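Asks: Here you go, one structure.
The values are calculated or read from the model by the stated rules, or taken from the named source; none is laboratory data. Note that this is a predicted model, so its numbers are computed, not measured. Here the Cβ positions follow ideal geometry from the backbone for every residue, glycine too, while neighbour counts run over all protein chains shown. The area values use the complete protein model at the heavy-atom level, side chains included, leaving out ligands, DNA and RNA. Shrake-Rupley method; radii C 1.70, N 1.55, O 1.52, S 1.80 Å.
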Amino acid sequence: MKKYIFSTLAVLSATLFTACNDMLDTDPRVTQLTQATFPGKPADVEAEIAATYSIMNTMGGGDSDNQNIFFWWEVMSDDCFGSGGLQDNKVKSLHHLVEMNVNQYETPFILLYGGIARTNNTIETIDNVPWTENQKPRRNQLLGEAYFMRGLYTLWLTQLFGDVPLITSTTITEEMWQQVSAEEIIYPQILSDFVSAKNLMSAEKSSGHANKFVAEGFIARAYMFWAGFYKNVSELASGGAPAITLVEQEGCPAGQLTQADVVNGLKDIVANGGYKLCEDFRSLWQYSNSLLWDEAHDGEGHAYEYIADMKRENCFDQPGMGNGNTEEIFQIQFMNASAWAIGGTYNAQRMYSNYISVFWGLRNGASNQNGDRNLTYPFNQGWGQGTPSCNIWDDWTDAERTGNYTDLRKKASLIDLDNELAQYTYEKDDCEESGYSVKKYAEVNLDACAANNDTWWSQAPGYTGSSLDNKMQGDHFEDFYLMRYPDVLLMLTELTGDASYMNQVQARAGVPQTPYSLKAVQNERRWEFAFEGLRFNDMRRWTGNKPTNDSYAPKALQAQAGKQIVCLGDKSNKRTMAHMTCSWAERYIATNGFLAKPQSQITLMNGKMEQNPGWDAADAKTQYTTLY
């Protein structure tokens, strides 16, 4: 297991450059360090790249209900309810596709444009450094990373908000302020940035950094979303997706990117990337750590029987497993350097702790002992937001029953509260409780921990103390996966119809190997990547941009209606799920899955950016309503 998570190095990346606090109202070059003087040496460019990656930490760290878009996309899907406590209205508004106020979704808008500003600065100034011939490969790698991150942040921005201004320079021209078509203008730029990255970067793997194979994987992800959502190609295996015209820039010659090019990139990852599936799916998740495994075999105290049958060498913290495992292609990394307010451009809170563990953690109220490990061992307390829906458990169980198999991933991904944690009780202010909790990324405790709010990391080698002085909120260092090798395999099957790639993923899970069908791929992606932030945008690309009630996403989302839930802590007083203002199908069809652009930014743009359809603030169907 990598030890970098316990580094006490000063966090410099959050304050290196000023990006935009009000989207683009600040010139990112107006800093103590100017383009004329910085960067002056290779280490300066490396610091710029670190600052660019840190945007992901800000999004994936603290305040997940306010800025973690991967959490958002799970909550917006059919795999999670909003849930949480009565006061947790942000997460419920996301789940019901409504808004509490006209600027609710502003934070990632600002963060992503800030990241784009940092990449533009690097792209424009990288040759301020007098690179020697021997340093050119390093120069190209860093430039490729800047192009990659610009493409990635722009991809996420458009998946959240659709048509937006495309910013490709630190000098913001009048034309750049204008909202443009994501389908016709922004996606060609996104894919050109990824192609530049692929051609400039090396195949060498470096902890936490992109490389050639990462770029090839995200070329496929972006192309498949563009082809499915914007071009309405519902089934890609036919080879009917159109080519996309690229933008000429360094590393990306003029020309077109075809579906065959995308497939060849994925095949390059398979043939030359050196990635492979972990033997045991549970190895990917921190609840399989060896310290907990040892407690299951020491014959004393608690024993978490679910992992007792694992090989110890497959435990999360063993070589090749967990953080830095053999199937991890790209991820957000975390370290023991959090603070309640780090300061800098974004005044980020707890940005170096994987705070999604807190939001998905248990809300246990037995005897008013929230998080008492004797009641919930080995899982620890949290906020209980975005709990798994009844739908994912029920649909998964139906698939197992129909196929006469047991899918290892179901219980590896979800906690069945009634059967796994018999003493678990609901808080009196709980709402939309399904009876399930997320096991992936779940907070984990040990008998060896000294206090109820400890996490198992406090016992891991190299740990000295929590930088936040609150272990329950600060000590979460599990990588958040942005792409794993199974994604490459399943994308290949979906693009080619060759089931042999999908069959590898099925075999690891104990699922019978099946021939290709789009339905089989859809199921495998849902089961394999549950709660990893991919489900909602998969649903959207299988729906296209002209949805009806019978389309994939509206139909799946509407299936939540009528499911039994527990509210206000009373398991005997069940309620049924109902939409807040109309129906999930109606809200999805109205919005096409896009969020409301922040009104403050629309105002700033002075008529050059428009609100997305389905978000008229005067329409009561768009506005948060108290249900519980």
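Asks: How large is the accessible surface of residue 174 in square angstrom, using a 1.4 angstrom probe and rounding to the nearest 10?
Replies: Estimated to the nearest 10 Å², residue 174 gives 130 Å².
Asks: Could you tell me which label, among [x] 0.94; [y] 1.04; [z] 0.97, carries the value of Rg/Rh (Cα atoms, Kirkwood Rh) calculated for this structure?
Replies: So the calculated entry is the one marked [x].
Asks: Classify region 571-628 from the C-alpha gyration tensor, please: rounded if a/c falls under 1.5, else prolate or oblate depending on whether a/b exceeds b/c. Each step should come with its number before you reach the end.
Replies: Values: a/c = 3.51, a/b = 2.46, b/c = 1.42.
Judged from the Cα gyration tensor, region 571-628 comes out prolate (a/c at least 1.5, a/b above b/c).
Asks: Hey, got the dipole for region 580-628? About the Cα centre, +1 on K and R Cβ, -1 on D and E Cβ, debye to the nearest 20? Let's see the in-between values first.
Replies: On the way: 4 positive and 4 negative charges, 23 e Å.
Dipole of region 580-628, to the nearest 20 debye: 120 debye.
Asks: Rolling a 1.4 Å sphere over the protein heavy atoms, what is the accessible area per residue of the chain, to the nearest Å²?
Replies: On the way: 21240 Å² over 628 residues.
Per-residue accessible area for the chain comes out at 34 Å².
Asks: Only Lys, Arg, Asp and Glu count, each charged at its Cβ (+1, +1, -1, -1), so figure out the dipole size of the chain about its Cα centre, rounded to 20 debye.
Replies: Working: 50 positive and 77 negative charges, 98 e Å.
In debye, rounded to 20, the chain gives about 460.
Asks: Filter 205/411; 440/471; 410/471 down to the pairs with a C-alpha to C-alpha distance above 21 Å, please.
Replies: Correct reply: 205/411; 410/471.
Asks: Work out the charge dipole of the chain with +1 on the Cβ of Lys and Arg and -1 on the Cβ of Asp and Glu about the Cα centre, then indicate which of 485, 377, 97 is farthest towards its positive end.
Replies: The one lying farthest along the dipole's positive direction is 485.
Asks: Quick one: order 475, 619 from most to least accessible surface, probe 1.4 Å.
Replies: Details: 475 0, 619 65 Å².
My answer, sorted largest first, is 619, 475.
Asks: Protein chains only, probe 1.4 Å: how do 312, 484 rank by accessible area, largest first?
Replies: Details: 312 85, 484 5 Å².
If we order 312, 484 from most to least accessible, we get 312, 484.
Asks: In addition: Rounded to the nearest 500, what is the 222 nm mean residue ellipticity of the chain from helices alone, with -39500 (n - 2.57) per DSSP H run of 4+ residues and division by all residues? Walk me through the intermediate numbers first.
Replies: Values: 23 runs with 231 residues, N = 628.
Mean residue ellipticity, 222 nm, calculated: -11000 deg cm²/dmol.
Asks: Then there is this: What does the highest-first list of 317-323, 545-551 look like by mean Cβ count within 10 Å? Walk me through the intermediate numbers first.
Replies: On the way: 317-323: 19.4, 545-551: 13.4.
Sorting 317-323, 545-551 by mean packing, highest first, produces 317-323, 545-551.
Asks: Using a 1.4 Å probe on the protein heavy atoms, what percent of the accessible area of the chain belongs to carbon and sulfur? Before the final figure, lay out each step's value.
Replies: Values: 10190 of 21240 Å².
Roughly 48 percent of what the probe reaches on the chain is carbon or sulfur.
Asks: Quick one: which residues, 5+ away or cross-chain, put their amide H under 5 Å from the amide H of residue 83? H built at 1.01 Å from N.
Replies: Answer set, sorted by chain and number: 386.
Asks: Dipole size in debye (nearest 20) for region 377-489 around its Cα centre, Lys and Arg Cβ +1, Asp and Glu Cβ -1?
Replies: Details: 9 positive and 21 negative charges, 74 e Å.
For region 377-489, the charge dipole is close to 360 debye.
Asks: Then there is this: Starting from the residue with the highest accessible area, list 298, 430 in decreasing order, probe 1.4 Å.
Replies: 298, 430
Asks: Step through the residues of region 332-338 one at a time and calculate ³J(HN,Hα) from phi using the Karplus curve (6.51 cos²θ - 1.76 cosθ + 1.60, θ = phi - 60°), rounding each to whole Hz and writing x for Gly and Pro.
Replies: 9, 9, 10, 8, 7, 9, 7
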